[in-house]
1. Please compute the Kirkwood hydrodynamic radius over the range 266-336, one decimal place, Å, based on all pairs of different Cα atoms.
2. Given a 1.4 angstrom probe, I'd like the percentage of the accessible area of the range 89-134 that is carbon and sulfur, rounded to a whole number.
3. What part of the accessible area of the range 178-311, given as a whole %, is carbon or sulfur when the probe is 1.4 angstrom?
4. With the Cα gyration tensor of the range 148-194 giving a ≥ b ≥ c as the square roots of its eigenvalues, does the rule (a/c under 1.5 for rounded; else a/b larger than b/c for prolate; else oblate) give rounded, prolate or oblate?
5. Reachable lysines from LYS193, Cα under 30 Å, same-chain residues fewer than 8 places away excluded?
6. Find the accessible area per residue for the range 168-276; the probe is 1.4 Å, ligands and nucleic acids are left out, and the unit is Å².
7. Could you tell me how far the Cα centroid of the range 277-343 sits from the Cα centroid of the range 235-270, in Å?
8. Straight distance only, please: which lysines reach the Cα of LYS108 with their own Cα at less than 26 Å, same-chain residues fewer than 8 apart left out?
Amino acid sequence: MSDGRISSHDSERLLASNAALLAENETLKAIVATLTRALYGARSEKLAEPAGQLPLGLDDLSATPVEPAKLPAPANSNRPLRPKAARNIGGLPAHLPRVDITIEPQIKACPCCEGKLHQIGEDISEMLDVVPAILRVKRIHRPRYGCRACEGAVVQAKAPPRPVDGGMPTNALLVHIAVMKFAWHLPLHRQVKMLAGQGIDLDASTLVHWVSRLAWWLKPLHGLLTAIILANPKIFCDDTPLPVLDRSRKRTRIARLWSYAMDDRPWRGPAPPAVVYIYAEDRRGRHVDEHLVRFNGVLQVDAYAGYNRLTKRDRTGGSVTLAFCLAHARRKFFEIHKASGCPVSAETLQRIAAIYAIEARIRGTSAEHRL
């Protein structure tokens, strides 16, 4: 029978179990920290400058973890760091129109001798003003002309075509509605309420029809822009989720907008920047294969596996070369460095920082060249 005392064997088991739980707890903390940085972390992580060049020895990976380098504590570390407030002190953009208002003194006579005053200077201060959107009615007059001699001929100019057959919107109104919806994310039902506030009663289905008609007019321009971008020898590709209404499911489903862009400005390329968006109902790799069926060149992408099929298919006249994103690869090494302080990850981050410095220098030279 046991007398209530713990044997040495049980004590060792408890210590081993406690050590395993502590190790698991540290691992879970690292995972939570990694996920937190991925969701809420800064877009660009900073790495402290090392005291010296760290050795890039792959054999060190199997050694005991190296303690992370401790950053020097800033002066007055007890005080919380407050970000410097960004204020616009009178620097309003020069391209905005100016409306001058002159305020004269009530009395233009000298308070001492009552003589006539003359202007010796002025003080100018600026305030940012706004003119709300103005809805107006565009009336088109088409006079009819007749001949008094024969009274048999009537001459009148033809009515100009309308962007919506038989509709009331002008080109400017259609563009305004589309920009508010797609650029500023203002739904059509809210725009209907805003129009009703100015006495224009419309149904949301009417605005849906207008946007659909505008998309029809812009379809040739979209095709031309797509052809120009895909003819470039080097483009970027990415996708973004897009909620789509699905009446069969009584809720939204997630579709995709695939973006294809070109931008040679950082390295003084001749091509102007441009981007085109192509809709797809999901994120399957076959959509990229269909979009880039005639593309031959370098495609810069992230680590999505759906791009790999582009390098395996038979292509006539050329092939697709994948260039992966260095920022995505850097994030993995940064997570390892934050978790364990591995010298290999620190050295890798320093080498990537050197590449970023070269890119920054090229961009700076390119900006000076444009000026």
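1. Details: mean 1/r = 0.0697 Å⁻¹.
For the range 266-336, the Kirkwood estimate is 14.3 Å.
2. Numbers: 3090 of 5140 Å².
Carbon and sulfur atoms account for 60 percent of the accessible area of the range 89-134.
3. Working: 5150 of 8450 Å².
Accessible surface attributable to carbon and sulfur in the range 178-311 totals 61 percent.
4. Details: a/c = 5.95, a/b = 4.20, b/c = 1.42.
Prolate.
5. Correct list for LYS193: LYS138, LYS181, LYS219, LYS250.
6. On the way: 7190 Å² over 109 residues.
Heavy-atom SASA per residue in the range 168-276 reads 66 Å².
7. Centre-to-centre (Cα) distance: 14 Å.
8. LYS116
The values are calculated or read from the model by the stated rules, or taken from the named source; none is laboratory data. As the structure is a computational prediction, the values presented were derived from the model and not from experiment. Surface areas here come from the heavy atoms of the whole protein model, side chains and all, with no ligands, DNA or RNA. Shrake-Rupley method; radii C 1.70, N 1.55, O 1.52, S 1.80 Å.
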